[in-house]
Structure formats: C-alpha cells, structure tokens
Amino acid sequence: MPSSLAAIWRWRPAYPVLLLLALLLQGLCVLRAFGALLFQPGQHLLVTSQDGAKNYFTFQAYIQQPWSNGLSWFGMMNHPFGEYLFFTDNTPLLAVPVRLWSHYISDLAPHGLDVYHGLMLAGFFLSTALLVAILRRLVQHWGLVLVFAVVLPWLNPQTSRLLVGHFNLSYSWLVLLVIWGLLGLYQRVRAGSSIRGWVLALVAGSVVAGLIHLYYLPLLALTVAGFFAAWLLPRQQWRNRALSGAAVLITLLPTLLCFLIVRLTDGYRVQRSMQATGFNYAPWKLQLSALIKPGSYQTVHFWLEPKNQPTYESVAYLGAFALFGLTFFVVAWLVRKPATQAFWQAWKAAPERIFLQLLLLAALVGLGVSLGTEYAVADDQYIFQNYFSAFYYLQKVTQVVTHFRAVGRFSWPFFWAVNLLVLVALDFWLRRSQWRGRWVVAVALVVLALLDTRDTLKYYRKSLLPNLLTDERTFPELQPLLQGLRPEQYQAILPVPFFHVGSENLELTVDDDNAHSLHAYELALRTNLPLVASKLSRTPEEHVQQLRSLFSPTGPTPELRAQLQAARKPLLVLLDESYYDGSIPFAQQQANPLAKQLIEAGAALPSQQPLMLVAQSGKLRLYRWNVQ
C-alpha cells in the first residue's frame, strides 16, 4: 500500500493529459455557472440594461440585417447614416464569421444570442489552455497547475465584465496569449534559439485582440513595451538588434495594422472627433484600494480592505490566494528571517523568477496608466500628477489617447503578474523547503482560491436574467403593436423619447431610459427595421446634430429630409406616453439642458408633424410619419 501511494504521488501526467483534465474541470465550472445558457437556449441573458443590452442588440442586429448591407456596414442604428463595423462594439472578429456562416451555410440569426453566449464561454476554455501552457513551464507541482488553470479565469477582473455587458472585454485569454508569447520568446532567447515564430505569434495575437476590441491594442502594447524595456535596458541588451527589432515590431506593428484596417473600412473617418471627453473621469480610473477589495458576493475578506465597493471600471481585486500568500511571505520574513533569507537567495537565481520579475515590471507600466494622469488623494484635497503614466506624455503628443479614457482597464495584466508570481514562488518554496508545515500553508492558500471560485460561480449562476430581447414571451406589451404591422412598408423606427449615445460630446449626448430602449431594440429585432436612435461608439457629431432636427417645429434639416424622402417609405414612430403624462419624470432627471429639451420635445411631435396612429398597447403608440 505505501508503494502504491508513493507511485500516485510521483505520477506526473503528460501535457495532453493535464490539459484534458483542466479542460474537463473547467467544463464543469462553466456548466455550474452558466449551464442554463446552454441547456435553455434563448431564455436567458447575462445583462438586460445599458451597454449590455446594446451590445447584445448590435451583435444580433448585425447578423440579421439585410445581406445587401455587406460586412463592414451596420445599418440598424443611427438611420439614415448608419455606422461602420468597428464602431458598433459588437466584437467584429466574431460577428463577421457568424454573419458569413449565416448567409452561406446555415442561418444562425434565430439563435444569434445563443451563439454569442457560446463564443463568450469558449473564452474560459482558451484561458485554461493558455494557463496550462504557461504554468507547466514555471510550476513543477502539476496539482497547482491543474487547480489554478481552472480557477484563475474566474477570478481575474476581466470576468466581471460579463455582468456589466462589456462582453468582448471579458476575454482574459487575450492577455494570457501575450504572456504565453513573451514567456516562449524569453525562453527561446535564453536557449539561443530562433525567435521568429514567437515574434510572429505575438504580432498575430495582438492583432486578433485589437480586432476584437481596440482597447486591447494599447493595453497589450504597453505590456510588451514594458517587458522589453525591463529586459533590455538594464544591461544594455538593447544593443542586440534582433531583440530590439522584435520589441519594436511586437509593440508597434499590431497597432499600425489594426489602425490601417479600421481606417480603410471607415467612411466617416474625416468626420470623427480626434478628442473624447471624459478623460481622467474618476469612476473610470483605478482606485488603488480596489486591489484589495473583494466582490460583494465573496465570503473571504482580506485583513485590510476599503469600506465601499469600487466602480465597475475599477474592479481589480487580486484575490485571496495572492493577498494572503503575500502576507504569509511577509510574516515569514519577520518571524523566520534566516530561513526566509536562504529562500530568497535561492529564489533570486531561479530562471522563472527573472521572467516573472520582468512581467511584474511590465504590468506596473499598465498599473501606472490605470491611475490616470491625475490622481486625487485625501478626499480630493490634493491632486497627484502621475508622471508614471505613459498617457501623461502621450496626450501631449496626440489627443487620440483620450479615446482610451477608461484607463482602469490597463491594470488587468497586474492581476496576472502578481498571481503568477505568488503561485510560482509557492511552488519553488514547496520544492526547496524542508519544513513540514509548508504543505498546510499551501493547502490553505489553495482552499482560499477555491472558496473565491465557489462564490464566483454561485454569483454568476444566480445572476442570469430573462431574455428581454428576442424571447417574445418576455414583452407581451409589444404583441398588439406587431399584429397586422407590415414592416416592409417602413424605412426605420424612431423611438420617442429619442436617445443618441456615442458621439463623445457630452453636450450632444441624450441618454436612454432602459425600459424604453429595450422596447426599441425588441421592435427593431422583430421587424428587422433600423433605429433612428443610436448607442454606438465615436459617432460623428454631425449625425446627432442633424437627427435632433427631427424634433424641431420646422422638421428635419433639408439634408436629412432629402435622405429620408429618398427611401420613399415613412418612418415608424414608437412613442411611450409614460414619459409625458407624469408617470416617468425622465426629462426632469436630466442634468444636461439640451438632453432635457430634446426629450420634452417628443411630446409635441404628433401635433407638429403629420403623424397617423397605427396601433397602440397601453401607453405605447405606433405612428406612421410620411416625412415631407
């Protein structure tokens, strides 16, 4: 019997076996959290409000819009101007293949949101596969590889974006892809082997990331630049032309390629604003206290944490495993200093430590950016000029960086750097130390990670919501409006109150009320008619200025009128009287006087323009507007 236990203890699974075990366990976790999405298709959504509802809509509407719109054009919002693909926030690199499949192979439009969910959940498996590939090179205890390849994809801050509705920002595998590429390149250099394949892989991976969401471009570029700077500068290794060339290529080429692709497919590039408002907006920056603040659903709390939850853009919790692991090493340094010093001397010579140190320094570059170019302290009594932010200097060169205003996202690589560092150090300590109590510490830290994961899975499982976009049973109030309606007789839907978000000019922005925009999305998807309203990204200001004229007593501008009349079809006006009979004081809630004025103007539209009532349901009205 002892020999059997010893054999089990010495067993080391081959890489394919370890990968398969990790993927199987990850599959169980995905089923535990999101099984209803897979086994009850069409019935659930992750979020039904704000950006989430809009991102669901833009993905589904892009797939089912007329094929004549092509691949780079999105005509289901901002009618009659429409928008180009990379400004819809609908994950272009995934949406385009689904649209092609729907047209040439099998129509996926009836199951569009289910496909979208499947693509989201596939990210967990990709993250697990990449973590196995990374950790097997850094960690010798395969049990640690197996556990953390499964749990870390759930614990990293990007995963929280699923319930915010920023689905394409939840792909932690894109950050891991670059970490894996840097590790492979670093080890190839140390072995004196060719790095050409790894350079190409890193360039290709960064381009893929950028085409999924443009925010990944600067995030990954700063990580790569920071890694090479920390690696090459101290010992003048920058004189190595191959490495310096690789650094420049991996840092800049993906950005240039993605910029070229976006520019070539953007017919509105001249009209777009070069500067975005909201840069240095406090809720979009990282608050350092967020690094030690667990989610409200987590039962394990760090021994020190802030009182309030951070904003969703500032979520950056490092996890109980990393925080208590760091605490243990600090306490050990104070209590068992000779043993800790001996460990430190051995750890400094470990090759995995050198790579992780470079990765940590690279992640600190992003962490510096995530604080913003100004950081308020002492209840906003003092402003810290953040000279450690790369954006502090870049914004003096170009205002384009202001479009990447949600700088809290740049902290994401820091989570991976810290957790990988603690995990690899733990593995190294377990192998080197002779103290029997080390296994108790290791098990305790692993249990903390498992508890965090359990709480996270439970939270996501209980957060699923009814499908308010494509499941007809969830919006019965629209059914009377749809009976007898012939969508082919209309050119577009004009929701009243009107909303238009995404021009990056806060004065021109007219936010939506969620219940109203959901009705508009539902009606648009059922009729396949585009919306005159819009919630997109970086829409030209000229568009919203012209669309506002629809609510002028004199009607639309001559240019807009000509475009609407060219369709030779009337507009279908969806008016909700709840916003004008005192039931919902939405206009009074507006801080922007221009937005309040436009919302209030909707009440007079039926009397100012030749609108004909088509159908009604409760306080919802459908009108026919022949623009003359």
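Given (1) more than 18 Å from PHE499 (Cα to Cα); (2) at pLDDT below 95; (3) within 37 Å of the chain's Cα centre (by Cα), identify the lone condition not met by GLN608.
(3)
Please list, ordered by residue number, the helices (runs of 4 or more DSSP H) wholly in segment 374-486 having 3 or more residues that are over 22 Å from the mean Cα position of the chain (by Cα) and exposed (fewer than 14 other Cβ atoms within 10 Å of the Cβ).
The helices (runs of 4 or more DSSP H) meeting that bar are 390-397, 438-461.
Pick out the one residue from ARG263, ARG239 that is touching a Leu at 6+ places or on another chain (Cβ under 9 Å), among the charged types (D, E, K, R), more than 30 Å from LEU155 (Cβ to Cβ) and surrounded by fewer than 21 Cβ atoms within 10 Å (Cβ to Cβ).
Working: ARG263 fails: touching a Leu at 6+ places or on another chain (Cβ under 9 Å).
Of ARG263, ARG239, the one residue that is touching a Leu at 6+ places or on another chain (Cβ under 9 Å), among the charged types (D, E, K, R), more than 30 Å from LEU155 (Cβ to Cβ) and surrounded by fewer than 21 Cβ atoms within 10 Å (Cβ to Cβ) is ARG239.
Is it true that some residue in segment 520-534 is of a type outside the set (Gly, Ala, Ser), touching a Phe, Trp or Tyr at 6+ places or on another chain (Cβ under 6 Å) and not in a loop (DSSP other than H, G, I, E, B)?
yes
Taking the residues in segment 301-323 that are among the aromatic types (Phe, Trp, Tyr) and within 18 Å of the chain's Cα centre (by Cα) as candidates, determine which candidate is farthest from LEU360 (Cα to Cα). Let's see the steps before the verdict.
So in segment 301-323, the residues among the aromatic types (Phe, Trp, Tyr) come out as 302-303, 312, 317, 321.
Those still in the list that are within 18 Å of the chain's Cα centre (by Cα) too: 312, 317.
Values: TYR312: 24, TYR317: 16 Å.
Residue satisfying both the conditions and the ranking: TYR312.
One residue is enough: does segment 192-204 have a residue meeting the conditions among the aliphatic types (A, V, I, L, M), surrounded by 20 or more Cβ atoms within 10 Å (Cβ to Cβ) and in contact (Cβ under 8 Å) with a residue 60 or more places away in the chain?
no
Please verify whether ALA22 is modelled with pLDDT of 95 or more, in the same structural domain as ARG272 (by TED's automatic domain parsing) and buried (at least 20 other Cβ atoms within 10 Å of the Cβ), treating the condition exactly as stated.
Spelling it out, it is not the case that ALA22 is modelled with pLDDT of 95 or more, in the same structural domain as ARG272 (by TED's automatic domain parsing) and buried (at least 20 other Cβ atoms within 10 Å of the Cβ).
Testing VAL573 on (1) crowded, with 20+ Cβ neighbours inside 10 Å; (2) under 27 Å from ASP266 (Cα atoms), one condition comes back false. Which one is that?
Going through (1) crowded, with 20+ Cβ neighbours inside 10 Å; (2) under 27 Å from ASP266 (Cα atoms) one by one, VAL573 breaks only (2).
Tell me which residues, restricted to segment 140-157, are surrounded by 23 or more Cβ atoms within 10 Å (Cβ to Cβ) and farther than 18 Å from LEU23 by Cα.
PRO157
Results for (1) in the same structural domain as SER433 (by TED's automatic domain parsing); (2) closer than 21 Å to VAL447 by Cα; (3) part of a loop (DSSP other than H, G, I, E, B), shown as yes or no for each residue.
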residue	(1), (2), (3)
TYR317	yes, yes, yes
PHE321	yes, yes, no
PHE324	yes, yes, no
PHE328	yes, yes, no
ALA339	yes, no, no
ALA342	yes, no, no
GLN345	yes, no, no
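If LEU481 satisfies every condition in (1) touching a residue at least 60 places away in the same chain (Cβ under 8 Å); (2) closer than 30 Å to SER296 by Cβ; (3) of a type in the set (A, V, I, L, M) but one, which is the exception?
(2)
Just to be sure I understand the filter: pairs with C-beta atoms under 6 Å, separated by 6 or more residues or on different chains, first member in segment 48-76 and under 14 Å from PRO530 (Cα atoms) and at pLDDT 95 or above, second member among the β-branched types (Val, Ile, Thr) and in a loop (DSSP other than H, G, I, E, B). Which pairs pass?
If the second residue must be among the β-branched types (Val, Ile, Thr) and in a loop (DSSP other than H, G, I, E, B), the pairs left are THR58/THR88; PHE74/THR88.
Taking segment 317-359 as the search range and keeping residues that are exposed (fewer than 15 other Cβ atoms within 10 Å of the Cβ) and at pLDDT 90 or above, which one is nearest to LEU182 (Cα to Cα)?
ILE354
Filter segment 11-66 for residues that are closer than 24 Å to VAL145 by Cα and outside any helix (DSSP H, G or I) and give the result.
Within segment 11-66, TRP11, ARG12, PRO13, ALA14 meet the criteria.
The values are calculated or read from the model by the stated rules, or taken from the named source; none is laboratory data. From a predicted model like this one, the values you see are computed outputs, not experimental measurements. Ideal geometry is used to build each Cβ from the backbone, glycine not excepted, and the neighbour counts take in all protein chains shown.
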